[in-house]
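Before any comments, here is the structure.
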Amino acid sequence: MSQPKRKSVYKVDFAKEFQGIKKGKEDYHAHCIPCKDEINLAAMGKTAIKQHQEKPKHKENAKAVATTRYFTASKGVQVRLLDMESLPGEDSTMVANFIIQVLGKHQLQFENLVSFCADNAPVNFGGPQLAGPNNVFKKLQEKKKNLIPVGCSAHILHNAAQKAADRVPVDIEAIVFKLASYFKGSTRRHEDFKDICNFLEVNYETIPSHGPTRWLTLGKVIDRVLKLWDPLTTLFTSKDKSPRILEEFFSSDESLPVLQFLHSVLAVFEKPLLLLQEFYTTVIEYIDKWFRVEFLPTNISWIMLSKKSVDYYDIVEMAG
Ligand SMILES: [Zn+2]
């Protein structure tokens, strides 16, 4: 009798080894981000990831793009596309070699490379601690010691805001997604809601959609929900068989203060996020804006921020 073979599971290191790979729906799957595909690891382990990355579909989806940003006295900051290529395996060595080869092809000196910018994926920088030798940055740094790593700061700001919002008593993202799905594709529901708005003399507006990795869009949705607070409350508390999560949210006394709190805090993140997403902003301009106090929030008290931990209930109390 043959022994049943042990099934292979996902390992955290796969994300460092392969570009665009994260944990899948459960332990036996990896997820390919560019293809939005689940890769079954049970039988072959990481060989299955390698085989997936060999497929034409994956190669089409996962193109590596090299752009350069440089400065000239006459033209200022310039951004140019250098090359675009399908990398079959996309491990850190391949990406590093791709960059070296592209620079060579355009006769750009590696010594003139100041920094390496990429998203914060472990394969690019080895995680927040810049740990381990198996990442693109470490491999490029072997050629130039003083190379500066530049991850995506907008993403870090976004994560900070999201982690904090996860601690308030209401799961606001769940509410926002449920609201969007409630109105999606139903003219009748829009019409009913319009009637309530007219009755309450509130300007009818639709709820904007929110993407899970975009903190800015959440701010816009919260802004709209606050404007439509009364008609939405009427809609979801007076109707038979409203989605329970919405009925409970709009009936709870706690929801409005939480929403107003998030609205106020999100505004603090908005300006720096918008600036970070601009195409030609330089670090120097960014720091300059910070020190000119342009970004200092005016809508929350600095006394609160200087406290080591600000409790949600403290803020509700202060607001009251
Ligand atoms: Zn893929």
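Derivation of every value follows stated rules applied to the coordinates shown; laboratory data play no part. Only a predicted model underlies this, so the values are computations on that prediction, with no experimental measurement involved. Cβ: placed from backbone, ideal geometry, glycine included. Neighbour counts: every protein chain shown.
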Could you please rank Val168, Val221, placing first whichever residue has the fewest other Cβ atoms within 10 Å of its Cβ? Val168, Val221
Sorting Ala43, Phe116, Cys32 by the position of each Cα along the dipole of the stretch 9-151 (Lys, Arg +1; Asp, Glu -1; all at Cβ), the one nearest the positive end of that ordering is Phe116
Whole Å is fine, so just give me how far the alpha carbon centre of the stretch 219-276 lies from that of the stretch 39-90. 39
Likely footprinting exposure, Ser153, Ser92, Ser238, fewest C-beta neighbours within 10 Å first: Ser238, Ser153, Ser92
Any of Lys227/Lys271; Lys75/Lys220; Lys184/Lys220; Lys55/Lys163 with alpha carbons more than 28 Å apart? Name them for me. Lys75/Lys220; Lys55/Lys163
Between Val77 and Gln107, take the C-beta separation as r, use R0 = 25 Å, and let me know the FRET efficiency to the nearest 0.05. 0.75
Lysines with Cα under 19 Å of Lys7, excluding same-chain neighbours fewer than 8 positions away: Lys22, Lys23, Lys25, Lys46, Lys50
What is the gain in length, in nm to one decimal, between Gln260 and Ile100 on full extension, counting 0.36 nm per residue of separation less the C-alpha to C-alpha distance? 52.6 nm
Which FRET efficiency value, to the nearest 0.05, is calculated for Asp13 and Phe199 with the Förster distance at 41 angstrom and r the Cβ-Cβ distance? 0.10
Using a simple spin-label model with points 7 Å from Cα along the Cα→Cβ vector, what separation in nm is obtained for Glu173 and Lys220? 1.8
When the label point is put 7 Å from the Cα of Lys55 along its Cα-to-beta-carbon vector, which residues of the stretch 18-40 have a backbone N closer than 16 Å? 20-22, 24-25, 29-40
Filtered hits (lysines, Cα-Cα < 16 Å from Lys144, offset >= 8 within chain) -> none
Going by how many other beta carbons lie within 10 Å of each one, how would you line up Met84, Met94, fewest first? Met84, Met94
To the nearest 20 debye, what charge dipole does the stretch 9-151 have about its Cα centre, counting +1 at the Cβ of each Lys and Arg and -1 at the Cβ of each Asp and Glu? 320
FRET efficiency, Lys239 to Arg188 (Cβ-Cβ, R0 22 Å, nearest 0.05): 0.95
